[in-house]
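*Asks:* Take this structure first; my questions come after.
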Amino acid sequence: MRRERLPPSETVRLAVIAHKMGKYDDIISLPHHVSKTRSPMPVGARAAQFASFAALSGFDEMIEERSREGEEQSAEDNQADFDE
C-alpha cells in the first residue's frame, strides 16, 4: 500500500503539532473528568472568582476620569466657539 506524499509545508505543520503535543501524550486521550457529586459552576460565578485579581486594577477609574476630562474639554471648546 502506497502512502500519499504531503506537501512540504503540511509536513512541517504536522511535525510542529506533533512536537507540541509530545509532552501531553500520556494524558491527551484520557476522558474529561465530570464530578458525580457536584454540579458545574455557572460561567458567571467562574468569572467572578477572578475579578478581584484584575491585572489592570484602577484602569476603570482612569478611563472614567479621562472621559470626564474629555467631556469638560469638549464643553470648553464648544463654549469658545460660541464666544467667537
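Please treat every number below as a calculation from the coordinates, not as lab data. This structure is a prediction, so every number in the text was calculated from the model and none was measured. So basically every Cβ, Gly included, is an ideal-geometry build from the backbone, and we count neighbours across all protein chains shown.
*Asks:* If I stretch the segment between Ala48 and His33 completely, what's the gain in nm (0.36 nm per residue apart, minus their alpha carbon distance), one decimal?
*Replies:* Taking 0.36 nm per residue and subtracting the Cα distance, the gain is 3.1 nm.
*Asks:* To continue, here is another question. Describe numerically, in nm with one decimal, the distance between label points set 7 Å from Cα along Cα→Cβ at Ser9 and at Arg68.
*Replies:* 5.4
*Asks:* Tell me the net charge near Glu71. Cut-off is 15 Å between Cβ atoms, Glu71 excluded, with +1 for each Lys or Arg and -1 for each Asp or Glu. Mind showing how you got there, number by number?
*Replies:* Working: positive: Arg66, Arg68; negative: Glu64, Glu65, Glu69, Glu72, Glu76, Asp77.
Here the charged neighbours net out to -4.
*Asks:* Assuming R0 = 30 Å, can you tell me the calculated FRET efficiency for the pair Asp25 and Phe59, based on Cβ-Cβ distance, to the nearest 0.05?
*Replies:* Efficiency for this residue pair is about 0.15.
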